[in-house]
Amino acid sequence: MRWLLLFLLILAACRAQDLPGPYAALEKGNVEALRQVALGGEGYAGLLAGWLVVREEDLPLSERAEYAWRYALFLEEVRAFEPGWEAEAAWGVAAPLLERAGDVRAFSAWARLLPREEAAQALLRLGQGERLWEALFRGRAYEALLKALPEGQRPDLRAQALYRLGRYEEALPHYRAWAEADPRGYLGLGYALWRLGRREEALRAFARYDHPESRLAEGRLLEATGKVEEALVRYREGPPEGLWRATALLERLGRKAEALPLYLALARGESPYADDAALRAYLLAGELGKKEAQQEAYARLEGGLGLLVGKAPSPPPQAPGAPMPEVAPLVEALARAGREAWARGEVRYALWRRPEDWPALVPLLYRLGAYREGIRAAWPTALAYPRAYRAWVEGYARREGLDPDLLFALLHVESRFDPRAVSATGALGLAQFLRSTWADVARMLGEPPADPLDPESAIRYAARYLRWLMERCAAFSGVEQLACALTAYNGGIGYTLRGVAREGGLFAFLRFQERDEPREYLARVLSAYAAYKATPSPP
């Protein structure tokens, strides 16, 4: 943006200045000065100053509780991806302070800490009735809920709590009691009976709830017992997942002409299966010689999977123009003073208070390295596709003979350019490597394993690994080779090549692979790749 470039040039010509007044007080750490900043009201500095004095026992308890509540609520709503910005830790301070102060917000604060035992016990002290039961259920404090619920009250909550604790037999009478008042109870009853191996009873329970989710459950159970034709009937009456399962069964039975209209029906919808169904409908219609169906499938084929048949997705919409934000001078002053954490706090506060200002604030987040938050705020516009770590990405991509935009797309999907990202499965860093794969790439490079949380190393390893995968997928060419390599990046090269061999081809494997994640991953990376190709690279 022109205003940002101009602003940075002006700043570069200015001499460094002292920290702004509130931040000078934060820097000194004097309790009374911090308190005055906190009492001053608005702004990130005020929130932070209040947080820094919440443990000062000499200050009034109600005042400290108020500071803790405000800061915890800010962290919760901002959802920053940075160590030290975790809302749970702040609620752990705020909740007991609020309770000691007799503040009615203590119940809400403790509820955010469920299912921790201390939080459950606090709610039992502070609440009662429906409010208590609902909070315990939402917070997954199932044991505490079972103790708090009076006999005969809310059988729906009791049944679901028992089910989620694995106590299926105990859950049955409560599901039945729920179903007497609300037929939704039959769905849970059916699943509990299924878990207990009582399949015929489960089918009868599912049949009594007239809802697509019950038809899906019936179909899955019938398919598991080998009653394929009956399963197909139920799947056709189910939600999009049911249609997706039905198409697979029909294709396996060689009934492709029956599968085609179901694929098209899915492609017309908004479910996660829409793009996959459009691709499959396009291929199937071509095989069956159904030109009109193929044309419709092509027209509906949106997203990255279109690249597999030569259709580039539409470029992302441009972000609206925006004037320079008022907070920009303060942010730049803090950054020049080496206080980038405070600078990020100011941008987050501004975005929290005025989310409509995101087009002007996102470039500041990128300037401060908060790519993950900037992408979330700018989605799905072109501004959501930054070329982070550009010199390293372009340099290592070209070293390995890769398109830099492909590497940008992969990192965008893997971590949103967050070098500290850690997944639930233990994948680390910008490129989300498991340690075993990281060690394999280090051996390819002939070196000891580097730090997977180091951005440059992650980019270098990702480029080398993706090139290696492309070489393993050399049986294919063009975009099909790319699809093979990207699927392998997520699912593993063994998984991918075995699946291709088993299914007799790449496109059949993409349809019938046993895991959903690699299928969705491929679509996301190809979509990001197309977006980067359609977004001009700045000089």
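Taking the listed residues ARG215, ARG204, the one that is modelled with pLDDT of 95 or more, open to solvent by 60 Å² or more (accessible area, probe 1.4 Å), on the phi < 0 side of the Ramachandran plot and part of a helix (DSSP H, G or I) is ARG204, with no other qualifying. Inside region 447-458, can you point out the residues that are assigned to a loop (DSSP other than H, G, I, E, B) and open to solvent by less than 70 Å² (accessible area, probe 1.4 Å)? GLU447, ALA450, PRO452, ASP454 - these are the residues of region 447-458 that are assigned to a loop (DSSP other than H, G, I, E, B) and open to solvent by less than 70 Å² (accessible area, probe 1.4 Å).
Going through region 292-308 one residue at a time, which ones are out of contact with any helix residue (DSSP H, G or I) (no Cβ under 7 Å at 6 or more places or on another chain) and over 16 Å from ALA259 (Cα atoms)? Answer for region 292-308, where residues must be out of contact with any helix residue (DSSP H, G or I) (no Cβ under 7 Å at 6 or more places or on another chain) and over 16 Å from ALA259 (Cα atoms): GLN295, ALA299, GLY306.
In region 18-40, of all residues being open to solvent by 80 Å² or more (accessible area, probe 1.4 Å) and under 37 Å from the mean Cα position of the chain (by Cα), the one that is nearest to ARG339 (Cα to Cα) corresponds to GLU27. Taken together, the residues in region 514-536 that are open to solvent by 20 Å² or more (accessible area, probe 1.4 Å), closer than 21 Å to TYR273 by Cβ and not hydroxyl-bearing (Ser, Thr, Tyr) amount to 6. Applying the selection to region 377-402, what residues are out of contact with any Leu (no Cβ under 8 Å at 6 or more places or on another chain), open to solvent by 20 Å² or more (accessible area, probe 1.4 Å) and touching a residue at least 60 places away in the same chain (Cβ under 8 Å)? The answer is PRO380, LEU383, TYR385, ARG387, TRP392, ARG399, GLY401.
To keep it simple, each residue is scored yes or no on (1) touching a residue at least 40 places away in the same chain (Cβ under 8 Å); (2) in a helix (DSSP H, G or I); (3) closer than 29 Å to ALA421 by Cα.
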residue: VAL54; (1), (2), (3): yes, no, no
residue: GLU77; (1), (2), (3): yes, yes, yes
residue: ALA80; (1), (2), (3): yes, no, yes
residue: TRP85; (1), (2), (3): no, no, yes
residue: ALA90; (1), (2), (3): no, yes, yes
residue: ALA109; (1), (2), (3): yes, yes, yes
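Among the conditions (1) loosely packed, with under 15 Cβ neighbours inside 10 Å; (2) closer than 30 Å to ALA246 by Cα, LEU497 misses just one, which is (1).
So PHE509 passes all but one of these: (1) part of a helix (DSSP H, G or I); (2) hydrophobic (A, V, I, L, M, F, W, C); (3) closer than 27 Å to ALA388 by Cα; (4) open to solvent by less than 50 Å² (accessible area, probe 1.4 Å). Which condition number does it fail? Among (1) part of a helix (DSSP H, G or I); (2) hydrophobic (A, V, I, L, M, F, W, C); (3) closer than 27 Å to ALA388 by Cα; (4) open to solvent by less than 50 Å² (accessible area, probe 1.4 Å), PHE509 violates only (3). Does ARG502 meet the test of being closer than 28 Å to ALA274 by Cβ, touching a residue at least 12 places away in the same chain (Cβ under 8 Å), open to solvent by 30 Å² or more (accessible area, probe 1.4 Å) and in a helix (DSSP H, G or I)? No.
Only one of the numbered conditions (1) modelled with pLDDT of 95 or more; (2) farther than 19 Å from ALA508 by Cα; (3) among the aliphatic types (A, V, I, L, M) is violated by ALA312, and that is (1).
Restricting ARG176, ARG125 to those that are closer than 30 Å to ALA224 by Cα, part of a helix (DSSP H, G or I) and open to solvent by 70 Å² or more (accessible area, probe 1.4 Å) reduces the list to ARG176.
Table: residues versus (1) over 28 Å from the mean Cα position of the chain (by Cα); (2) open to solvent by less than 20 Å² (accessible area, probe 1.4 Å).
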position: SER314; (1), (2): no, no
position: GLN318; (1), (2): no, no
position: PRO325; (1), (2): yes, yes
position: ARG336; (1), (2): yes, no
position: ALA341; (1), (2): no, no
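Quick grid of which residues meet (1) at pLDDT 95 or above; (2) assigned to a loop (DSSP other than H, G, I, E, B); (3) among the hydrophobic types (A, V, I, L, M, F, W, C):
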residue	(1), (2), (3)
ARG460	yes, no, no
ALA474	yes, yes, yes
LEU486	yes, no, yes
LEU526	yes, no, yes
LYS533	no, no, no
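Tell me, yes or no, whether region 63-74 has at least one residue that is open to solvent by 20 Å² or more (accessible area, probe 1.4 Å), modelled with pLDDT of 95 or more and more than 28 Å from TRP358 (Cβ to Cβ).
The answer is yes; a qualifying residue exists.
The condition of being closer than 17 Å to GLU82 by Cα and open to solvent by 30 Å² or more (accessible area, probe 1.4 Å) holds for only one of ARG420, ARG435, that being ARG420.
The values are calculated or read from the model by the stated rules, or taken from the named source; none is laboratory data. This one's a predicted model, so the numbers in the text were calculated from it and none came from an experiment. For neighbour counting, all protein chains shown are included, and Cβ atoms are generated from backbone atoms with ideal geometry for every residue, glycine included. What goes into the accessible areas is simple: the full protein's heavy atoms, side chains included, and nothing from ligands, DNA or RNA. Shrake-Rupley method; radii C 1.70, N 1.55, O 1.52, S 1.80 Å.
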